[in-house]
Amino acid sequence: MTTSPRSTADSFAARYNRAPDGVWQGPGRVNLIGEHTDYNDGFVLPFAIDRTTAVAVAARDDRTVRVSSDFADAVATVSLDDLDDPQLAAGTLSGWSAYPFGVVWALRHFGADLASAPGFDAHVASDVPTGAGLSSSAALMCAIAVALNDEWQLGFDAQTLARVGQLAENKAVGAPTGIMDESASLFGRRDAAVFLDCRSLDSEVIDLGLEQSGLEILVMNTRVDHAHATGGYAARRASCEKGARLMGVASLRDIDSDDLPRAERELDDETFRRVRHIITENQRVLDTVRTLRTDGPGAIGALVNASHLSMRDDFEISVPELDLAVETAQANGAVGARMTGGGFGGAAVALISSDRVGQTTDAVTHAFADAGFREPECFTVHPADGAGRAL
Ligand code: GAF
């Protein structure tokens, strides 16, 4: 099922009996390399994908905010006046509407003066699969953020909107995520990746040249559900903070491979392996950017494969389904394959020659059936433009 700006406008009109002022969209993302490095002030290399969340919005003449969607029956309603509590009033936000309402709250936190702003009606539609590790939440946050930035003429730049989305995810949804996903969704460019320094927030668009190289990105969604508001993600973040504290640095960005022997001496084995993943992963991002520039995407396979092993063995965020997808893609001639996103489920991606997509999809599907796993969902994605007005 694909989402179009026009069909989202039509759904809005059916729901609210009037036309929207406009339709905005925010894409999901695939991270090419650089996992769990964002909240360690490190480097990431994601790209926005051609799967998006669209939001149709129209202003109201009162202070009411109403949001509806293709994926939930009820219309959620709140007053703008209830979204100005600096701590977020308990119980104000729950369910999926915590995302759009959280963005309103976070815009205010970043200085938007909404004292006399009009409320709005919004309708959301999306073809970013949820729970697949493709950042359906950032897609939604960014679609809403760019829409309200235009609708209320707030004048925030994309970097600030990324921070707005992240804050909403951290505080309104309760997921202690970094800045990568919103940055990818906002800064993405067609056939390119976003090289982001998560400390300075400087970003650079890096051409991928997939088409010229005859390569595709195959997403292999394991359909193993994961949630970043609970469990392993927060635990990994805590381990990294512990590692930095014990190493006497502000963040793991401040140490590099020369510090590994000291880290091994001073840290317990588990914390050491978490730290080693971050240090080596940061280096792999830098090496990938350099290799893309000099030799193109066909030459980054070893780095992509090494990233997966580091996540499997050192950071321990893979699951058997992700490992099987990666190994099967590699056995079928992928240039490289790795799990993408926060881990504990979701999707793996393979960089693969266009003429091997069908064969690899069949091989992964059969391997999952043989292993007794749920049927995976395999599809190609293409690096696409970032969030903005679509209609
Ligand atoms: C999730 C988070 F939202 C990101 O901030 C990032 O930490 C990622 O997991 C792991 O690289 O997508």
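Counted by neighbouring Cβ atoms within 10 Å, the residues L32, L93, L286 run from fewest to most as L286, L93, L32.
Close amide H contacts of G336 (hydrogens built in the peptide plane, cut-off under 5 Å, sequence separation of 5 or more or a different chain): L351. Near the amide H of L32, within less than 5 Å, lie the amide hydrogens of L45, F47, all on another chain or at least 5 residues away, with H placed in the peptide plane. Figure legend: label point modelled 7 angstrom from the Cα of S4 along Cα→Cβ; no residues of the range 353-391 have amide N under 13 Å from it. Amide H neighbours of R51 under 5 Å, counting only residues 5+ apart in sequence or on other chains, H built in-plane at 1.01 Å? Counting only residues 5 or more places away or on other chains, the set is G28. Taking the Cα centroid of the range 1-61 and of the range 190-238, what is the distance between the two, rounded to the nearest whole Å? Spelled out, the Cα-based centre of one part sits 16 Å from the other.
A simple rule links phi to the HN-Hα coupling: the Karplus curve 6.51 cos²θ - 1.76 cosθ + 1.60 with θ = phi - 60°, which for the range 252-268 gives 5, 4, 7, 10, 9, 4, 5, 8, 4, x, 5, 4, 5, 5, 8, 9, 5 Hz, with x for Gly and Pro. Taking the DSSP beta bridges with both ends in the chain, the antiparallel portion is around 90 percent.
State the volume of the convex hull built on the alpha-carbon positions of the range 275-315, expressed per residue in Å³ and rounded to an integer. Write down the numbers at each step before the final one.
On the way: hull volume 1.7 nm³, N = 41.
It is 43 Å³ per residue.
Among 273-279, 290-296, 95-101, 213-219, sorting by the average number of other beta carbon atoms lying within 10 angstrom of each residue, highest first, gives 273-279, 95-101, 213-219, 290-296.
The value of relative contact order for the chain, using C-alpha pairs under 8 Å at least six residues apart, is 24 percent. The value for the chain of Rg(Cα) / (2.2 N^0.38 Å) is 0.98.
For the pair L246 and T130, what calculated FRET efficiency results from E = 1/(1 + (r/R0)^6), where r is the Cβ-Cβ distance and R0 = 41 Å, to the nearest 0.05?
Numbers: r = 37 Å, r/R0 = 0.89.
With a Förster radius of 41 Å, E is 0.65.
Does the range 84-243 classify as rounded, prolate or oblate by the C-alpha gyration tensor (a ≥ b ≥ c root eigenvalues; a/c under 1.5 gives rounded; else a/b over b/c gives prolate, otherwise oblate)? In terms of gyration-tensor shape, prolate.
Across the range 132-156, the residues whose backbone nitrogen lies under 16 Å from the label position 7 Å along the beta-carbon direction of D385 are 143, 146-147. Among 379-389, 107-117, the peptide with the highest mean count of other Cβ atoms within 10 Å heads the list, and the full ranking is 379-389, 107-117.
Arrange the peptides 261-270, 15-24 so that the one whose residues have, on average, the most other Cβ atoms within 10 Å appears first. Walk me through the intermediate numbers first.
Numbers: 261-270: 12.8, 15-24: 17.4.
Going from most to least packed, we get 15-24, 261-270.
Distance between the modelled labels on R374 and E204, one decimal in nanometres: 4.0 nm (7 Å Cα→Cβ projection). Modelled spin labels at S213 and D287, positioned 7 Å past Cα toward Cβ, are 1.5 nm from each other.
Go ahead and estimate [θ] at 222 nm for the chain from helices alone: -39,500 (n - 2.57) per DSSP H run with n ≥ 4, summed, over the residue count, rounded to 500. Don't jump to the answer; show the numbers that get you there.
Working: 11 runs with 148 residues, N = 391.
Taken over the chain, the calculation gives -12000 deg cm²/dmol.
For the range 319-391 versus the range 295-315, the spacing of their alpha-carbon centroids is 14 Å.
Extension gain for F71-D259 works out to 62.8 nm (0.36 nm per residue, less the C-alpha to C-alpha distance).
Computed from the coordinates by the stated procedures, all read-outs in this text should not be read as laboratory data. Quick caveat, the model's predicted, so the values are computed rather than measured. A quick note on method: Cβ atoms are made from the backbone with ideal geometry, for glycine too, and the neighbour counts reach across all protein chains shown.
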